[in-house]
Amino acid sequence: RLSEYASLAVGGVDIVSGGEVTGDVPEGVAYNAEENVLTLTNYSYEAGVGSDAWYNAEPGIKAFRMGDEFTIRLVGENTISAASEYAERLVSIEQGAGVIEGSGTLNVLNVAWCGIEYTNLTIDGCTVNIMSGPWDYATYGIIGNLYEQGELIVRNSTININSSKPSGSWTPNLGIDTQAGNLTVENSEVNVEVTNGNTFGIAVGTTNSG
């Protein structure tokens, strides 16, 4: 049973609120409450669209206190992107443990600040592509929660992160930042390319790969 504080929204649609399933889901999305599995099937969402972008820049996926067995299952090609710099977080899994799995792909595009933010996260058996947007903001492809130091595990997966800043920029530009948490990579291909800005390919604890 979910905590009374659990919430899950996809594309601004509340699927779980106050620990209860609402029955609402966007097209291309399904949620199995018994298994605590969110399935994306060729799902597409663009955050921060229009003149009132600062009001409708909800993350593509926002999971909060969804428990230690919350799973996002990918089927086909799924894309979450930002239309403006107001869409600060595109995928957020906080105060719980999440798994991203499946035979499909997750594209997280035009990242303004954070592509995927997590407390504890396992990426297992899938492909995740992350690309930055044109804005000169601090950008983190994948980042651990600033206040809870969890673990990132990449297993049997392919991760591609490409982030670039304008020439002369000194804003932070990081591929993967686990904060003070741990990073484990098993039988996976992790490709990180960061260009311009204050660049760090992979930062783990107080060390980085340059």
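The values are calculated or read from the model by the stated rules, or taken from the named source; none is laboratory data. Note that the coordinates shown come from a computational prediction; the quantities given were computed from them, not determined experimentally. When we count neighbours, we look across all protein chains shown, and the Cβ atoms used for this are built from the backbone with ideal geometry, even at glycine. Just so you know, the surface numbers come from the protein's heavy atoms only, side chains and all, with ligands and any DNA or RNA stripped out. Shrake-Rupley method; radii C 1.70, N 1.55, O 1.52, S 1.80 Å.
Structural remarks
- Any hit, the stretch 67-88, residues being at pLDDT below 95, surrounded by 18 or more Cβ atoms within 10 Å (Cβ to Cβ), basic (Lys, Arg) and in contact with an Asp or Glu (Cβ under 9 Å, 6 or more places away or on another chain): no
- Any hit, the stretch 94-104, residues being at pLDDT 85 or above, of a type in the set (Asp, Glu) and buried (at least 18 other Cβ atoms within 10 Å of the Cβ): yes
- In the stretch 187-203, residue nearest to residue 124 (Cα to Cα) [restricted to those that are open to solvent by 50 Å² or more (accessible area, probe 1.4 Å) and part of a loop (DSSP other than H, G, I, E, B)]: 187
- One residue stands out in the stretch 111-167 among those that are of a type in the set (Asp, Glu) and within 16 Å of residue 93 (Cα to Cα): the one that is surrounded by the most Cβ atoms within 10 Å (Cβ to Cβ), namely 117.
- Of 104, 96, 125, 115, all but one fail to be more than 12 Å from the chain's Cα centre (by Cα) and farther than 21 Å from residue 187 by Cα; the exception is 96.
- Residue pairs meeting the criteria (Cβ under 9 Å; at least 6 apart or on separate chains; first at positive phi, in the stretch 19-35; second of a type in the set (D, E, K, R) and assigned to a loop (DSSP other than H, G, I, E, B)): 19/1; 19/4; 19/65
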